[in-house]
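So the structure is just underneath, and the comments pick up after that.
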Amino acid sequence: MSRADARRRIAELSREIAEHDHRYYALNRPTISDAEYDRRLRELIELEERFPDLRLPDSPTLRVGGSLRTAFKKVPHVRPMLSLDSLMDESEVREFDARVRKGLSVERVTYMAEPKFDGLSVEIVYEDGVLARASTRGDGEVGEDITENVRTIRAVPLRLHSHRDRPAPQGILSVRGEALMPLPEFEALNKRLIEQNDEPFANARNSAAGTVRQLDPRITASRRLDFFAYDLVAPPGSEPETQHDVLESLGAWGFHVDRSARRCDGIDEGLRFHAELLERRDRLEFEIDGAVIKVDRRDAQERLGARSRSPRWAVAFKFPPREEITRILDIAVQVGRTGKLTPVALLQPVNVSGVTVSRATLHNQDEVDRKDVRVGDTVRVRRAGDVIPEVVEVIQDKRPRGAEPFRLPSKCPVCGARVERQGAYHVCTNGLSCPAQLQGHIEHFVSRGAMDIAGLGGKTVQQLLVKELVRNVADIYRLTPEDLAGLEGFAEKSIDNLMQAIEKSRHPRLERFLFALGVEHVGGTVARLLAEHYGGLAPLLEASEEELQGIKGIGPEVASAVHRFFSSPDNRKVLEQLELAGVRPVAEKKPRGPLPLAGEVVVFTGTLETLSRPEAQRRAEAAGATVAGSVSKKVTLVVAGPGAGSKREEAERQGIEVIDEERFLKRIGQV
Ligand code: IVH
């Protein structure tokens, strides 16, 4: 690259990065992904290293962090708070390791590998063991005084605990860590904000930042933040020898430290930690965006030293970002099995954390209005785990001229029937006469958790409907091999398999059958309650609305929907046809003896190691427990996995029994 080109590019990158810094730190509204930001910043750093004299006097690389807001008092840090170089590839991590080994003249280095918490970094200073002040990172040298807000975070000890082996240090101790908003709290907060017609936060990090910077500490206190400690500056004479030691001490003094942090013998183990953490990412109660790999020995850290903005002894090995920027090409309208119209953004395909995303749900008209999403908009999309991709927000300055607000149609796009507004949703009023509803209904009926007819996928159902071989779910049981032979993709073997699958489904468990019928509000749990209560279909058909309401766990809305469904002549006819076709649900056997968790109210918190959260809840309920979302007086048992935070503490404070996953499984007799 010529000097002239470098000069031009440096100016361009400096201006862009400064702009993005401002959007990120001051406005809390980034318009590019972290990955893109990092790419630009690294390009600039490289160019400035090659042409040091071309670095601008106000280059963004001269700063450690973001610019400061003015509402809070400024406080200098005990020692500058550095940031970490972000690496995206394994090869870069290996290069880091090579540099470290060379710098220390050793063959192999012991590292500490830890989660990279995606929150807001905070310094908390203790004087003789008592919390004296707390500040944000600010520009790395000077931060904002957020002492009063940090005092409201329960995970932050106001006075350090003293442990026999690890007494709390006297003098000035600086503890560094990350303030986070746990995801359940973040979701609940956004729900509240939307209900109050306030702007929700785009992600948990922004909501933690917004909460820590509240001018009114009472608001901070009402939103439960968590704090994980990962670093300290010790008073002279009490320097820990290793990062491992740092975490042990922080834990002993009463801080949350992540218990999955691992000491690694060599970089391969660090890379393995990163891969395992990525796999666990979606099961954690808080957001992480990578692994931090640190040289374990503090004297070695000292010898390696730091560049202007980051240490040479640690790096962040990032995960692929969950958010990307792309454009909305069109907005389609889907009609589901219940008739609900869902607007779906059709996107310029974009890779989000390793998966190509070309559609994102917009939920309903209210959501479209709130986010003001229009065709042609540039948007931030987010994909978290298995959740359907979502449009987080519109980048307003990139809206093309003439873009019109989007409105759901007043006629069903599939059958043309009238569309009615029901609460937040627009619903096609044509019931199972709407082909889209009928197709969804049948797909649900045959699905895994329902009648479980393998080999009857969406495409086959569609063909059966088009050929009018099936008009309702009972018709499935009248299908003959000859009928199937006429379908695309069906040969002797697959015809045989499907016929067998249909045959096998004639005696479903009652709860599955009830779920399969697709009654409004009847999911797996309600279906099970009904099955357990009635033990057969006949008494349920006769049940009055009042009687249904009397069942524990069934509210008025559900009772009314169930009653309505079974009183409808059309539905009765289909049930009769099913019976004629030989479909006989098997009555539930009441479980013998008292259930192991009968009467218990259980809360799950932290990461479960063998079960998914829904599976654990299902098993707890099957064992007779009620599952609650937060710790209250009613709760009798808390199952806490690694990373459990405020809920665990609250339970311990209230004297509620806390057990781990293994004990939980033992208790329900499943170990
Ligand atoms: S250590 C000198 N450990 O990531 C190293 N930082 O860009 C100091 N972070 O500013 C940081 N999790 O806010 C460290 N386990 C962890 C971390 C972590 C998150 C944040 C921290 C830092 C930023 C790096």
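Treating the Cα atoms of the range 460-582 as identical point scatterers in vacuum, please give the log10 of the normalised Debye intensity I(q)/I(0) at q = 0.10, 0.14, 0.19 Å⁻¹, two decimals.
-0.38, -0.68, -1.02
Percentage of Cα-Cα pair distances in the range 303-460 greater than 29 Å, rounded to whole percent? Walk me through the intermediate numbers first.
Values: 4515 of 12403 pairs.
Value for the range 303-460: 36 percent of Cα pairs lie more than 29 Å apart.
Taking the beta-carbon count within 10 Å as an exposure proxy, list K647, K459, K340, K74 from fewest neighbours to most. Write down the numbers at each step before the final one.
Numbers: K647 26, K459 11, K340 18, K74 15.
By the 10 Å Cβ count, ascending: K459, K74, K340, K647.
R0 = 45 Å: FRET efficiency of R39 with E547, Cβ-based, nearest 0.05? Don't jump to the answer; show the numbers that get you there.
Numbers: r = 64 Å, r/R0 = 1.42.
In this case the efficiency is close to 0.10.
Long-range amide H contacts for Y230: which residues qualify at under 5 Å (H placed 1.01 Å from N, peptide plane, sequence gap of 5 or more or a different chain)?
R176, G177, E178
Can you work out D for the range 412-493 in µm² s⁻¹ from Stokes-Einstein, where Rh is the Kirkwood radius over C-alpha pairs, the temperature is 37 °C and the viscosity is 0.692 mPa s?
Details: Rh = 14.0 Å.
In µm²/s, the coefficient is 234.
As a test of the definition: which semi-axes, in Å, follow for the range 143-189 when you take the square root of five times each eigenvalue of its alpha carbon gyration tensor? Largest first, please. Let's see the in-between values first.
On the way: eigenvalues 138, 44, 17 Å².
Semi-axes from the Cα gyration tensor: 26, 15, 9 Å.
Could you work out the mean projected area of the convex hull around the alpha carbons of the range 251-373, in square nanometres to one decimal?
Working: hull surface 51.3 nm².
Hull-based average projected area comes out at 12.8 nm².
What Cys residues in the chain are without a partner cysteine, judged by a Cβ distance under 4.7 Å?
So far as the 4.7 Å Cβ criterion goes, C264 stand without a partner in the chain.
Given 20 °C and 1.002 mPa s, compute D for the range 378-534 with the Stokes-Einstein relation, Rh being the Kirkwood radius over Cα pairs; round to the nearest whole µm²/s. If you can, show how the numbers build up before the last one.
Numbers: Rh = 18.8 Å.
Using the Kirkwood radius from Cα pairs, D works out to 114 µm²/s.
Where does helix 613-622 land angle-wise versus the long Cα axis of the chain, in degrees 0 to 90, nearest 10?
The two axes meet at around 50 degrees.
Quick one: compute a quarter of the convex hull surface over the Cα atoms of the range 241-318 and quote it in nm². Intermediate values should be presented prior to the final figure.
On the way: hull surface 23.9 nm².
Orientation-averaged projected area of the Cα hull: 6.0 nm².
Which log10 I(q)/I(0) values does the range 71-111 give at q = 0.27 Å⁻¹ under the Debye formula, counting every alpha carbon as one identical point scatterer?
At q = 0.27 Å⁻¹ the computed log10 ratios are -0.99.
What's the angle, to the nearest 10 degrees (0 to 90), between helix 492-504's Cα axis and the longest principal axis of the chain?
Orientation of helix 492-504: about 80 degrees from the principal axis.
Report, in degrees rounded to the nearest 10, the 0 to 90 angle that the Cα long axis of helix 34-50 makes with the longest principal axis of the chain.
With both axes taken from Cα atoms, the answer is about 30 degrees.
Between the range 147-179 and the range 421-495, how far is it from one alpha carbon centroid to the other, in angstrom?
61
Stick to the Cα atoms of the range 602-671, pair each with every other, and give me the Kirkwood hydrodynamic radius in Å at one decimal.
Details: mean 1/r = 0.0842 Å⁻¹.
When all Cα pairs of the range 602-671 are included, the Kirkwood radius is 11.9 Å.
Would you mind giving the three semi-axes, in whole Å and largest first, of the ellipsoid equivalent to the chain according to its Cα gyration tensor? Write down the numbers at each step before the final one.
Details: eigenvalues 539, 205, 116 Å².
Gyration-tensor ellipsoid for the chain: 52, 32, 24 Å.
Working out 0.36 nm times the residue gap between E127 and E19, then minus their Cα-Cα distance, what length gain in nm do you get to one decimal? Don't skip to the answer; put the middle values down first.
Numbers: separation 108, 0.36 × 108 = 38.88 nm, distance 3.84 nm.
Taking E127 through E19 to full extension adds about 35.0 nm, to one decimal.
Set the Förster radius R0 to 30 Å, insert the Cβ-Cβ distance between K398 and R421 as r into 1/(1 + (r/R0)^6), and round the FRET efficiency to 0.05.
Details: r = 31 Å, r/R0 = 1.04.
Here the calculated transfer efficiency is 0.45.
From the Cα gyration tensor of the range 139-288, with a ≥ b ≥ c the square roots of its eigenvalues, which class applies: rounded if a/c is under 1.5, or else prolate if a/b is larger than b/c, or else oblate? Working shown, then result.
On the way: a/c = 2.30, a/b = 1.32, b/c = 1.75.
Since a/c reaches 1.5 but b/c is at least a/b, the shape of the range 139-288 is classed as oblate.
Restricting to the chain, what percent of DSSP beta bridges are antiparallel, rounded to 5? Spell out each step's value before the answer.
Details: 72 of 88 bridges.
Roughly 80 percent of the beta bridges in the chain run antiparallel, per DSSP.
Taking the alpha-carbon centroid of each part, what is the distance from the range 221-242 to the range 318-386 in angstrom?
Here the answer is 39 Å between Cα centres.
Add -39500 (n - 2.57) for each DSSP H run of 4 or more in the chain, then divide by its residues: what number comes out at 222 nm, to the nearest 500 deg cm²/dmol? Intermediate values should be presented prior to the final figure.
Working: 24 runs with 239 residues, N = 671.
Calculated mean residue ellipticity at 222 nm is -10500 deg cm²/dmol.
Values in this text are rule-based calculations from the coordinates and carry no lab data. Nothing here was measured: the structure is a model prediction, and the numbers come from that model. Virtual Cβ from ideal backbone geometry, glycine too; neighbours counted across all protein chains shown.
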